[in-house]
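Note sheet for the following structure.
Since every read-out is calculated from the coordinates, none of them should be taken as a lab result. In this text the structure is predicted, and so the values were computed from the model without any measurement. Ideal geometry is used to build each Cβ from the backbone, glycine not excepted, and the neighbour counts take in all protein chains shown.
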Amino acid sequence: MANVPDNLHYSKDHEWVRVDGDTAVIGITDHAQDQLGDVVYVELPKAGEEFAANDSFGSVESVKAVSEIFTPVTGKVTETNDSLNDEPEKVNKDPYDEGWMIKMKMRNAGEVDSLLTAAEYEDFTKAESE
Amino acid sequence: MAVPALDLKKTPLNDLHRELGGRMVEFGGWDMPVQYATGTITEHLRTRTHAGLFDVSHMGEIDVRGREAIAFVNKITSNDASKLIDGQAQYSALTTPQGTVIDDLLVYRFAEDHLLLVVNAGTTDKDWGWISSHQTGEAVKLQNVSADYCQIALQGPDAISILQTLTETPLAEIKYYHFVRGAVDGVDSIISRTGYTGEDGYEVYAAPEKAGQLWSKMLDAGKFGSEKGILACGLAARNTLRLEAGMCLYGHEIDEETTLFEANLGWITKLNKGDFVGRDALTKQKEEGIKRKLVGFEVTDRGIARDGQDVLIDGERVGKVTSGSPAPFLKKNIGMAYVPFELAKLDQKIEIDVRGKRVSARIVPLPFYKRAK
């Protein structure tokens, strides 16, 4: 069973958001990495780029497939996890911590309230796989 | 195109795949494991270093029996089936009158009057229709016997020692692309020294109701679950292994639009063996020369080329990627593509349009990977 930490917000595109003041840390969920398989490549934006909620900000690739990744919130990228260039497998091994992808300065911190809670996300993935 | 799961065909090992954590996907109308719990990269590497086990029961089998079996097969395929001896197999192709490819296949010779054609899963029905429509009075009896066989591929450097624990047939004496009938764990089988991974190994054919027994015994004999033990491998690893080995996949490198010469398959195109479907077109193409050619490439930038993406040379779109993937053993991103013949030179710089971003690559020799003998 996929790990779904309680303290995060989730999107229906299988990203998670951890709120730290007005900063959002964003990555993909345990369920998403499990569905993808071995991650071999992660393409991330540059610091300074701006995205609206639900924009594609990069892609994550497994041996077999390419998936776009979307920002659940609006804002400006302040930092990216460049260690994923050499160690993309961190996304599989530790999707909620070492496998984080970008940090964004949120324009509207209230946006996270429209995202799913852990319990809602769990129900959503169950419904999706049925 | 999603096919409802209920309509998918299942091999006799379907339940075992699910028990092993196989992620099931649709492939050519079949419900097949794309990978197991261990993941594609581990499956791929284990096959290169130890052993991998693949369910290939979805492949089709067509029996050709009768006095003119060899003459008939020679009429519809490009390689020369008359060169086979009993117990030998041959890679060949079913060709169109244009010299393009209906399917690639293995031709097994059991006897002068008995050949078995092993064809791709997704093309079995098409092949059966094509082959039977070409029988015009030859003394042969054709039968689609796909449902009579399971097929399990045991591949990798440890394949021989693992399989030898289950059979008294001396496996080392079976030469590459040869086969024997023998008992594997007491099950009457065809043991064929063939494969689709670039490794040494065997493909075992038996009655479908014996599939579970053979599969489980091979996993046990290969110490499945131990650190250097055999792994069950899914379609994704099968694809990356064959790609590293530079082998064609039907529907990607070869199809009804590509000719054998374009796909570097001149070595299975025997223009002097007598007439066959497509010979005139292929003879003409050999005289005039091909306009495009299948090449291997290695991505030199960051990025992964994927099937269907455009190939550019000097900014001009000149061809398409037929297969593109990370290569887990070589630790590079590789692919195959068609490019204009005059540009199909080693070290030629090319670019791949990876979802709008141009990624540099260069043409390299095929195969990408060759095992040490």
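Taking 27 Å as the cut-off for C-alpha to C-alpha distance, list the pairs among A:K126/B:K357; B:K320/B:K370; B:K273/B:K293 that go past it.
Check vs 27 Å cut-off fails for A:K126/B:K357.
Along each principal axis of its Cα atoms, how long is segment B:60-147 end to end? Whole angstroms, biggest number first, please.
27, 26, 25
Quick one: 3J(HN,Hα) in Hz for segment B:208-218, Karplus 6.51/-1.76/1.60 with θ = phi - 60°, rounded, Gly and Pro as x.
The phi angles translate into x, 6, 9, 4, x, 4, 5, 4, 5, 5, 5 Hz.
Evaluate peptide A:95-101: per residue, the Cβ atoms of other protein chains within 10 Å of its Cβ; return the mean as an integer.
0
Between segment B:31-69 and segment A:69-130, what's the alpha-carbon centroid distance in Å?
With segment B:31-69 and segment A:69-130 each reduced to a Cα centre, they are spaced 37 Å.
Within 14 Å, Cβ to Cβ, of B:L166, how many net charges do the neighbouring residues add up to if Lys/Arg are +1 and Asp/Glu are -1? Before the final figure, lay out each step's value.
Working: positive: B:K210, B:K217, B:K223; negative: B:D158, B:E168, B:D185, B:D188, B:D220.
Neighbour charge sum, excluding B:L166 itself: -2.
Please tell me the relative contact order of segment A:1-123 in percent, rounded to the nearest whole number, where contacts are Cα pairs under 8 Å and at least six residues apart.
Values: 278 pairs, mean separation 39.4, N = 123.
Answer for segment A:1-123 is 32 percent.
Rounded, prolate or oblate: which fits the protein assembly as shown when a ≥ b ≥ c are the square roots of the eigenvalues of the alpha-carbon gyration tensor, with rounded for a/c under 1.5 and prolate only if a/b beats b/c? Before the final figure, lay out each step's value.
Values: a/c = 2.32, a/b = 1.60, b/c = 1.45.
The shape class here is prolate.
Write out the GluC sites (Glu not before Pro) in segment B:159-208 meeting two conditions: DSSP loop, and at most 10 other Cβ atoms within 10 Å of their Cβ.
B:E168
Fewest Cβ neighbours within 10 Å first, please rank B:Y36, B:Y91 accordingly.
Neighbour counts put them in this order, fewest first: B:Y91, B:Y36.
Please work out the Cα center distance from segment A:1-67 to segment B:155-220, rounded to the nearest Å.
Here the two parts' Cα centres lie 44 Å apart.
With a cap of 10 neighbouring Cβ atoms within 10 Å, and only residues DSSP puts in a loop, list the trypsin sites (Lys or Arg not before Pro) found in segment B:290-341.
Taking segment B:290-341 and a limit of 10 other Cβ atoms within 10 Å, the loop trypsin sites (Lys or Arg not before Pro) found are B:K331.
Take the eigenvalues of the Cα gyration tensor for segment B:189-241, scale each by 5, and report the square roots as semi-axes in whole Å, largest first.
Value: 18, 17, 11 Å, ordered largest first.
Sum -39500 (n - 2.57) across every DSSP H segment of at least 4 residues in chain B, then divide by the residue count to get the 222 nm mean residue ellipticity, nearest 500.
When only DSSP H runs of four or more count, the value is -5500 deg cm²/dmol.
Answer rounded, prolate or oblate for segment B:152-222, using the Cα gyration tensor with square roots of eigenvalues a ≥ b ≥ c: rounded when a/c is under 1.5, else prolate when a/b is larger than b/c, else oblate.
Details: a/c = 1.44, a/b = 1.28, b/c = 1.12.
Note, shape of segment B:152-222 comes out rounded.
Each residue of segment B:24-40 in turn: what ³J(HN,Hα) in whole Hz from Karplus with 6.51, -1.76, 1.60 and θ = phi - 60°, glycine and Pro shown as x?
Coupling constants for segment B:24-40: 8, 9, 7, 9, x, x, 10, 8, 10, x, 7, 6, 10, 4, 5, x, 4 Hz.
Name the long-range amide H neighbours of B:E61: under 5 Å, sequence gap of 5 or more, or other chain; modelled H, no Pro or chain starts.
Amide H neighbours of B:E61: B:V119, B:V145, B:S146.
Skipping prolines and chain starts, which residues have an amide H placed within reach, meaning under 5 Å, of the one on A:V73, given they are 5 or more residues away or on another chain?
When sequence neighbours closer than 5 places are left aside, the close amide H contacts are A:N54.
Quantify how strongly other chains surround peptide A:29-39 by giving the mean number of their Cβ atoms within 10 Å of each of its Cβ atoms.
That works out to 2 on average.
Once you order the gyration tensor axes a ≥ b ≥ c over the Cα atoms, which shape class does segment A:33-130 get: rounded for a/c under 1.5, otherwise prolate or oblate by comparing a/b with b/c?
oblate
How many nm is it between the label spots at B:D275 and A:E49, if each spot is 7 Å from the Cα in line with the beta carbon?
Here the modelled spin labels are 6.1 nm apart.
Quick one: which residues, 5+ away or cross-chain, put their amide H under 5 Å from the amide H of B:C150? H built at 1.01 Å from N.
B:A206, B:A207
For chain B, what does the relative contact order come out to in percent, with C-alpha contacts under 8 Å and a separation of six or more? Could you put the intermediate results ahead of the total?
Values: 865 pairs, mean separation 64.7, N = 373.
That works out to 17 percent.
Mind listing the phi-derived Karplus ³J(HN,Hα) values for segment B:242-251, rounded to whole Hz, using 6.51, -1.76 and 1.60 with θ = phi - 60°, and x for any glycine or proline?
Running phi through 6.51 cos²θ - 1.76 cosθ + 1.60 with θ = phi - 60° gives 5, 5, 4, 7, x, 8, 6, 10, 4, x Hz.
Please order B:D158, B:D63 by the number of other Cβ within 10 Å, starting at the fewest.
B:D63, B:D158
Just counting partner chain Cβ atoms within 10 Å, what average do the residues of peptide B:283-289 show around their Cβ?
Averaged over the peptide's residues, the number is 0.
Tell me, B:R362, B:R238 in order of fewest to most beta-carbon neighbours within 10 Å? Spell out each step's value before the answer.
On the way: B:R362 14, B:R238 26.
Neighbour counts put them in this order, fewest first: B:R362, B:R238.
In deg cm²/dmol, rounded to 500, what helix-only [θ] at 222 nm does chain A give when every DSSP H run of at least 4 residues adds -39500 (n - 2.57) and the total is split over its residues?
-4500 deg cm²/dmol
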